[in-house]
Amino acid sequence: MVDVQGLVNELVSKLRRRKVEGSRATARLTAELLRSVISQSKLPPTNQPAALIDAVRDVGEKLIAANPIELAVGNIVRRVLHIIREEDHSNTRDAVEGFRLSVGGDNDYIVEQDHLNLSVAAQSSLCRPSLHALLERSPDSATTYFTATTEDDSEEKRKSLDPNARSLEFRRKVISAVNDLIEDINTCHLVIAELAVEHIHHNEVILTFGRSRTVKEFLCAAKEKKRSFGLFVAEGAPKYQGHLLAKELAARGLQTTVITDSAVFAMISRVNMVIVGVHAVMANGGVIGPVGLNMVALAARKHAVPFVVVTGTHKLCPLYPNNPEVSLNEMRSPSEVLSFEEFSDCMDYRIGTGAPQLHVGNPSFDYVPPELVSLFITDIGGYYPSYMYRLIADYYSSDDLVIQQKPAS
Amino acid sequence: MEARRASRTVSDPKVRHVGFFTPDPNPQPGWNPLASDPPVSNSLSPVIIPPPRQPADRTAAVPVPETGVRRQTGADQVPVGSYNPSESLLGSSPVPSSPSSRVGLAGGEFSEESNGWFRRSDSGKFASSLPDTMVERAPENSASAAPVLESKKSVEATGKGGKAVVEEQNEVQSSSKPLKAKTTKAERRALQEAQRAAKASGKEGNKSAAVSQGAAPVKPVKQPSQKKDGPPVSVSVSVSVVSFDKKGGDRPPEKERKKDVPAPRMQFDDKSRVQKAKKHAVVKQTEARNRVELFRHLPQYEHGTQLPDLESKFFQLDPVHPAIYKVGLQYLAGDISGGNARCIAMLQAFKEAIEDYSTPQEKTLARDLTAKISSYVSFFIECRPLSIGMGNAIRFLKTRISDLPLTLSESEAKAALCSDIEHFINEKIILADKVIVRHAVTKIRDGDVLLAYGSSCVVEMILLYAHEMGKQFRVVVVDSRPKLEGQALLRRLVAKGLSCTYSHINALSYIMHEVTKVFLGAASVLSNGTVYSRVGTASVAMVANAFHVPVLICCEAYKFHERVQLDSICFNELGDPDAIAKVSGRTDVNYLNNWANKENLQLLNLMYDATPSDYISMIVTDYGMIPPTSVPVIVREYRRDHVFI
């Protein structure tokens, strides 16, 4: 437990100091941390899922607070919570299924009743952890009911398994699901890259902005399939990740041209497709990306160039953005755009007025509204922005959307 | 020659109809300024296109000393005044004639009046040929000019009553609106007839003009009043006269139109032409290694290699004048940048070169000097491609050289050319900037947040002037790589006490929320309304448009061009690609250090881009504030204007 606490603190401090950046890295670290939390947390013999959910949520809350802008952290926490709930759900269903089999379907009414009962129970459990006892009780009551009527051996067996084996089984299942999630995060770009040939044809001119590993793999995959195409890379000031991407792509044999961000509008009339990686995808289909992305999207819209976003599902955020330019943004150091050495005199607070005469705006993210996005290519296929809300329903449970549930306490 | 002028007078009313700026059919907005309170008149009608001027008047109105006077007034009178005096000086001359011709033409009177038109324009010539009459007339003019102007004012003020005054002066009886239309038609017919007659009479038109001179006393009055001050009058007048002669010659209009179409630009993917050009080149350019395919039609050279070579050649280069050479090197090194600065430097170098010029034996000045200027221009182009404003200035200068009368002595011709150049610089650039500033400042309100992109000197003047006026506003300076010109602007603004926000072009969408107006400079405005400007301007305008923020383009009219362009690729300028690889002040960004060795990697440093006209709310120019759709009007009017300065 101490060990886990230490790990949590380490990641929290890393996030807070922005030592870890990039949605993929943070997602992986978060998932790994949560895995160790799940494996090492002490669970009470009864009501394990609720306890586990609480533990994960506690850790998740800390992580999210450490860097609220890094939406991938919250996404992964929610995904893990969802996994736990799913496992829990399937456990209870298994139990019920077992009964149903044992009943043999001779009494339809009872089975119906049973389902009803179960769904009510599951729902109540999902909604309110405090009512979790209800969940525990209701299957029990059902079992008692069934045992009373059928007297099955399997029920006997289950009961003997219950306290230890079942908890171990549950935890094992959750951990393996989290492992799958980590695996997904690590390999999603490969899955996406396989879709490249479906979208890139010969002699195409593609523009990309900033640096994204997914985009890089996507383009390289198309190149490996003997598609030859031109590539413009906007440098993406003030991080200049475009330089790095261009260097890597040129090394892989792609015909790459680096342009300044200001030249995007000039060049986009000769571009067939814009492919970008993003920081996060919001529930409305809007996109949070590196600063300057909105400009590229607007230019693409002006020239009717498809604006394609490649993204792993871990970037899918179940929140709807409200004023994302401010609320989901953070300002970086002015020194990145204006050298302190040259402008130190201007940045001083003026005597008397108490307000600095010179402000420097250096935001790190940009919000692209869904109407400017033509297509999402994810590791589970291509989707239109308006469908994003549905994908979110697949990956997150509605009870986890708000992680910070205990501000009152 | 009569033909030209006549056609112009006919076209004049048309122009005025197009002029959506002046709802008042009264064709003299030009002298509102003369009235006592210029700022008021300006604020009332900020968009002013002065009436098309009569070329002869203009030429006459521009002797050397006057430019000095004008400059002075520009300096003293801070508000709109600087604009107006020049306007009035230029615009006053056609004025007396037009109301009289409009108002006072009934019945048979018109023929005489229409003669007056020609006469007036010819009066310069007359004056030059008969200087003594001029001298005689001068005092009378100065006396009579004022009353005429007075009457003008009263026309403005009292309408018909004022007109009556004019009528009285002209000793013409009838003036009523229904008649007016008729008379103008009749006038036109009369003009046509007269012009036919003039053609028939051929070159002796001179004489006939001189004869008719005596007929109408009011019109020629203005003309000499312009000329009376200053000794070099005779030179400038004679220049103007002859130039007018030439212009007015029997050139068929189609030919002229054809000539107006700009020559196709050098395409650098045309190998034979490039080879040919290389033979003559002074600057030895080496081709860049990793060229961008898309821009093969533009010169892509290694940067930074030519300068030492050229410097060493400084004393060996006979054909190039040292002043030209110096400016060329400054272009090459990037010491002079910005459309206006480059244009002024070029013109001043030309002036110096012309001052030191002497016509070789058995050659004519006009031809030899034109050839010389052409060679200088090609040298400049080798150093750095010309901006469109510079092209216009060169065109102006060449026109002036070719229009020099053969009778002129060499020193006189040189003096005339130098004064023309001075005049161009003063009026078309310096004064125009001031006028733009006055116009644009009316659009700044307290509490505004203004966005400026890059470093445009006009925009800077606007901001500083508004600050001096005590307006409370904030400035957002948006900058872009690789030049980071905004930092220099930022420093100057902060030094003057403006409160500024600085950000990169990528942060536009973030910063645009708070911006209320966008002020942008331009390298050129093309006649389809496209604004050709520093790369990134289009992005700024686009984002502003997306956020429903008005975009104001500030551009002097000498940078307008009749060319059209749809994208930023067909015509552009490429900067040094190495500038992209290096990020100033960021040692951690060094991914592209040896980019030239990687065969698949190109760096593209685009210098300009074309902003589509639908992003532009307004273009502020020295002729007023116009929508981008009206650029062709300015181009048409202005071209005539600057040819005849």
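We did not get these values from a lab; they are worked out from the coordinates using the rules stated. As the structure is a prediction and not an experimental result, all values here were calculated from the model. Counting neighbours? That spans all protein chains shown, and the Cβs are built from the backbone with ideal geometry, glycine included.
Roughly what % of DSSP beta bridges within segment A:175-293 run antiparallel, to the nearest 5? Roughly 15 percent of the beta bridges in segment A:175-293 run antiparallel, per DSSP. Shown here for segment B:559-645: chymotrypsin sites (Phe, Trp or Tyr not before Pro) in loop regions (DSSP other than H, G, I, E, B) with at most 11 other Cβ atoms within 10 Å, of which there are none. Under the simplified labelling scheme, the A:Gln40-A:Asp180 pair shows an inter-label distance of 2.6 nm, with each label point 7 Å from Cα along Cα→Cβ. Here each label is just a point 7 Å from Cα along the line to Cβ, and for B:Lys276 and A:His359 those points are 5.8 nm apart.
Structure shown: which of B:Lys372/B:Lys483; B:Lys428/B:Lys496; A:Lys302/B:Lys582; A:Lys302/B:Lys483; A:Lys302/B:Lys278 lie over 29 Å apart, alpha-carbon to alpha-carbon?
Numbers: B:Lys372/B:Lys483 34 Å; B:Lys428/B:Lys496 27 Å; A:Lys302/B:Lys582 31 Å; A:Lys302/B:Lys483 26 Å; A:Lys302/B:Lys278 40 Å.
Pairs exceeding the cut-off: B:Lys372/B:Lys483; A:Lys302/B:Lys582; A:Lys302/B:Lys278.
Put in order of Cβ neighbour count within 10 Å, fewest first, the listed residues B:Arg384, B:Arg367 become B:Arg367, B:Arg384. D by Stokes-Einstein for segment A:208-319, Kirkwood Rh over Cα pairs, 20 °C, 1.002 mPa s: 151 µm²/s.
With both bridge residues required to lie in segment B:486-645, what share of the DSSP beta bridges run antiparallel, to the nearest 5%?
Numbers: 10 of 19 bridges.
Expressed as a percentage, antiparallel bridges in segment B:486-645 total about 55.
Of the GluC sites (Glu not before Pro) found in segment B:342-385, those that fall in a DSSP loop while having at most 10 other beta-carbon atoms within 10 Å are B:Glu362. Give me the net charge of A:Ile259's neighbourhood, meaning all other residues with Cβ under 13 Å from the Cβ of A:Ile259; Lys, Arg count +1, Asp, Glu -1. Combined, the nearby Lys, Arg, Asp and Glu give -1.
Each Lys or Arg adds one and each Asp or Glu takes one away; over the other residues whose Cβ falls under 13 Å from the Cβ of B:Gln361, this sums to -2.
Can you put B:Lys351, B:Lys398, B:Lys278 in order of Cβ neighbours within 10 angstrom, beginning with the fewest? Before the final figure, lay out each step's value.
On the way: B:Lys351 21, B:Lys398 16, B:Lys278 11.
The most exposed by this proxy come first: B:Lys278, B:Lys398, B:Lys351.
From the alpha carbon centroid of segment B:366-398 to that of segment A:24-74 is 72 Å. Here the contact order of segment B:461-503, divided by its residue count and restricted to Cα pairs under 8 Å and six or more residues apart, works out to 45 percent.
For segment A:299-314, the residues whose backbone nitrogen is under 15 Å from a point 7 Å from the Cα of A:His201, taken along Cα to Cβ, are A:306.
A simple spin-label model places pseudo-atoms 7 Å from Cα toward Cβ; at B:Met469 and B:Asp614 they are separated by 3.3 nm. Which shape class, rounded, prolate or oblate, goes with segment A:1-81 when its Cα gyration tensor gives a ≥ b ≥ c as root eigenvalues, a/c under 1.5 marks rounded, and past that a/b bigger than b/c marks prolate? Since a/c reaches 1.5 and a/b is larger than b/c, the shape of segment A:1-81 is classed as prolate.
With a ≥ b ≥ c the root eigenvalues of the C-alpha gyration tensor of segment B:499-590, is it rounded (a/c under 1.5), prolate (a/b larger than b/c) or oblate? Could the numbers behind the result be given before it?
Numbers: a/c = 2.22, a/b = 1.19, b/c = 1.87.
Here segment B:499-590 falls in the oblate category.
Summing Lys and Arg as +1 and Asp and Glu as -1 over all other residues whose Cβ lies under 10 Å from the Cβ of B:Val449 gives a net charge of 0. Annotation: amide H of B:Cys554 within the under-5 Å range of B:Leu520, B:Gly521, B:Ala522, B:Val620, sequence separation 5 or more or interchain, hydrogens built in the peptide plane.
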